[in-house]
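J.: To start, I am sharing the structure in question, which I have written as structure tokens.
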Amino acid sequence: METISDNALMMKVKNGDIDKMGLLYERYNRQLFRFIFNMTRQKELSEDMVQNIFLRMLKYPDGFMGFGEFKTWMYHIARNAVYDHFRKVKRTPAHYDLTNLEEHIEGDQKSDTLLEKEQEFKTLETAMDKLSEENRELLILCRFQELKYHEIAKILNTTEGAIKVRVHRALNQLKTNYLRIEN
């Protein structure tokens, strides 16, 4: 059995077959949740925003023209939803809170390895917090969401070359931040 492409499914939704949105939801809800959670660090808000984004796509399917990738269109809507939310609450995205890491306990004490990992995560969290909003978003899309440079370029309406340069600079800034904190 052949899998129907995302674009074909969205075109069916656009033509009135709204049940196909369920398939797109199954394909992308976790990925979209991870993106939003990495931007907001709020579980319940991220879950609500995923639902709202899919409702928005269902309500306004004419925004999808069919000649670009569905995933790019979806991330564009998600980005706008995140920034709309932050404008409403007048705060910036991504205060990283990694306190919900699973605790592995050996006896009554955490292992040294886990403590080291937690410290590395906290240092990375602080380094990410020090990045500009744009650089943080780029690294989330590129490294956490594992999008290709050309996909990010379409989402951000720029060239692939510009994305490569910006990601390289963001990684360098993250490394600088991390090393400053670590010392």
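J.: Restricting to the range 146-167, name every residue that is surrounded by fewer than 18 Cβ atoms within 10 Å (Cβ to Cβ) and either closer than 19 Å to TYR75 by Cβ or touching a strand residue (DSSP E or B) at 6+ places or on another chain (Cβ under 8 Å) (or both).
T.: Across the range 146-167, the qualifying residues are GLU146, LYS148, TYR149, HIS150, ASN157, THR158, THR159, GLU160, ALA162, LYS164.
J.: With respect to LYS154, is the statement that it is assigned to a helix (DSSP H, G or I), touching a Ser or Thr at 6+ places or on another chain (Cβ under 6 Å) and at pLDDT 90 or above true?
T.: Here the answer is yes, as LYS154 does meet what is asked.
J.: Residues of the range 1-59 being exposed (fewer than 15 other Cβ atoms within 10 Å of the Cβ) and among the hydroxyl-bearing types (Ser, Thr, Tyr), which ones?
T.: Matches in the range 1-59: THR3, SER5.
J.: Looking at this structure, is GLU103 of a type outside the set (Phe, Trp, Tyr) and either at pLDDT 85 or above or in a helix (DSSP H, G or I) (or both)?
T.: No: the conditions fail for GLU103.
J.: Hey, HIS168 hits all of (1) assigned to a helix (DSSP H, G or I); (2) in contact (Cβ under 8 Å) with a residue 24 or more places away in the chain but one; which does it fall short on?
T.: (2)
The values are calculated or read from the model by the stated rules, or taken from the named source; none is laboratory data. Computed from a prediction, not measured in an experiment: that's the story for all the values here. No Cβ is skipped: glycine too gets one built from the backbone with ideal geometry, and neighbour counts run over all protein chains shown.
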